[in-house]
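J.: Quick one: the structure is below, questions incoming.
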Amino acid sequence: MRRIVSESSKIKIINNLLVLVLALYGISQKRFDLEEMTLFQRLVVEVVAPVQKGFANSRQELSDLINNYVRIVNTSKENVYLKEKIARIESDLFQMEEIRRENFRLKQMLSYSEDIGQEKILAQVIGWDSANQFKVLRLNRGSNDGIRVMSPVITHMGLVGYIYRVGPNYSDVLTILDPNNRVDALVERTRTHGIVEGVFNYRCALKYINRTESIEVGDRLITAGVGGIYPKGVKVGMVTDIDREASGMTLGVEITPSVDFHKLEEVLVLMPKVATTAQVTTPEPETVKGK
Amino acid sequence: MQPRFSRLILSTLITLGILIALEIATSAFLPAIGWREHRLAFNVVIILFMALKVTTPLLPWFVMLLQLMHAAFSVEGWALGTLVGILVSLIASYLKEILQFSSAIATMITVQLFQLVWYVSTAAIICLKLGNFEKFGMMFWNAMPGTLLLSLLSPLLFKLLDKVWNTESDVGRSGVEI
């Protein structure tokens, strides 16, 4: 008996050690700013993302369902019938209102995207990261639609983040709310450079701003266009608090992002600028001679 | 041996199904109805259940399997949760004798305490990996509202998982040997 117990403990220890070593290796390889999807992850995402997409698409129906359930509790059949009828009409009205709002949002996005001289893809937000420590969105577009990692993601309101990992039909965006996403930004009025980092609770911090800089609450921030990910001039956010009492050589600056992440439904993914054949082809010597 | 093994496979598949359903709920359903502030990390509670109530030498592999599935819904990845899951299950294995799940309150308190250990460890490892402990407190506190809600839900979830793993009759103590 003792022998069986000790063998069982041995197996337990070996299993623990094996998985611990694998996990430690996994952590050592882990990058919080960029990741490639494994085959297994791709498979699972391809299976579950349509369900997530379904929930995102039926947002209105879901809230109607909950409202209707609350309404019909403890009412007579007639009341239920009448309320259902009203609910249907209300639902139609809600849907029309929803379509009107969507139309408005898409028009805004379209007019904004016309100003950007870059190819872009419209995508829908279908889910959020299920862990608290990361602020990541899932989009309903992937590499089959031309999306690549590190592509910047924006809306007409401003910067959302960049593509962190991509599957064939879905992709994940590391938003500017995530502490692992650092954006090189400029204070529009003073042209002061700083780094915007996520600090949870839907706020960001502007870092490395010298105490001597004359930054004020209400100053707007735009992307600096340095680093090769984000184009220059995209709105990032607004200064909402400055801690001048903080110790050290730099100011503590709180930023409220321009994008309302609570209401984010559609985004634009900017495609990387690819040099055209005409730009990269050098004229053949004979042609030059001919000239 | 055979029926025991087939039961193990079946319980694992059902648990994975429950995890997928709950992950979809927290990543898509709850945000769709307006709940966007805090995520409910159901993977943590399921791993805690396994660590506290199921005794098997294969536990580390189950933790890894659950985290691999969780990684499809979160950029957290599988490795971090697996490491913390094993640490927590090792702690749980030493405390099993004194832990009780006889009442809902006892389950909630136990789950809350282990979630605290989980999030302290997770935040510490992320900070170690990033070489920056500035956001340790924020990472930890940000997870707290979600953990409280999960602790409130844990008696229900434990009851469901008790049925899946057939651990109902063996409340607390040394868990069920599989």
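J.: Limited to segment B:28-53, what total is found for residues that are more than 7 Å from chain A (Cβ to nearest Cβ) and either buried (at least 24 other Cβ atoms within 10 Å of the Cβ) or part of a helix (DSSP H, G or I) (or both)?
T.: So the answer is 13.
J.: Which one of A:218, A:227 is away from every other protein chain (no Cβ under 14 Å) and within 30 Å of residue A:148 (Cβ to Cβ)?
T.: Selected residue: A:227, the only one of A:218, A:227 that is away from every other protein chain (no Cβ under 14 Å) and within 30 Å of residue A:148 (Cβ to Cβ).
J.: So residue A:3 clears everything in (1) at pLDDT 80 or above; (2) over 15 Å from residue A:140 (Cβ atoms) except one condition, right? Which one?
T.: Among (1) at pLDDT 80 or above; (2) over 15 Å from residue A:140 (Cβ atoms), the lone unmet condition for residue A:3 is (1).
One line per residue, one yes/no per condition, for (1) modelled with pLDDT of 75 or more; (2) of a type in the set (Phe, Trp, Tyr); (3) in contact with a Leu (Cβ under 7 Å, 6 or more places away or on another chain); (4) surrounded by fewer than 15 Cβ atoms within 10 Å (Cβ to Cβ):
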site	(1), (2), (3), (4)
A:17	yes, no, no, yes
A:42	yes, no, no, no
A:46	yes, no, no, no
A:88	yes, no, no, yes
A:104	yes, yes, no, yes
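J.: When you check residue A:184 against the structure, is it within 23 Å of residue A:121 (Cα to Cα) and acidic (Asp, Glu), yes or no?
T.: no
J.: Considering only residues that are more than 14 Å from chain B (Cβ to nearest Cβ) and polar (S, T, N, Q), which ones fall in segment A:126-169?
T.: Correct list: A:143, A:144, A:151, A:155.
J.: Right, something else. Which of the residues spanning segment A:234-273 are within 14 Å of chain B (Cβ to nearest Cβ) and either at pLDDT below 90 or within 23 Å of residue A:98 (Cβ to Cβ) (or both)?
T.: Within segment A:234-273, A:246, A:247, A:248, A:250, A:252, A:259, A:260, A:261, A:262, A:263, A:264, A:265 qualify.
J.: While we're here: Does segment B:63-96 hold any residues that are in contact (Cβ under 8 Å) with a residue 12 or more places away in the chain, at the interface with chain A (Cβ under 8 Å from one of its Cβ atoms) and not in a loop (DSSP other than H, G, I, E, B), and which are they?
T.: B:63, B:64, B:69, B:70, B:79, B:80, B:82, B:83, B:86
The values are calculated or read from the model by the stated rules, or taken from the named source; none is laboratory data. Since we're looking at a predicted model, the values are computed, not measured. For neighbour counting, all protein chains shown are included, and Cβ atoms are generated from backbone atoms with ideal geometry for every residue, glycine included.
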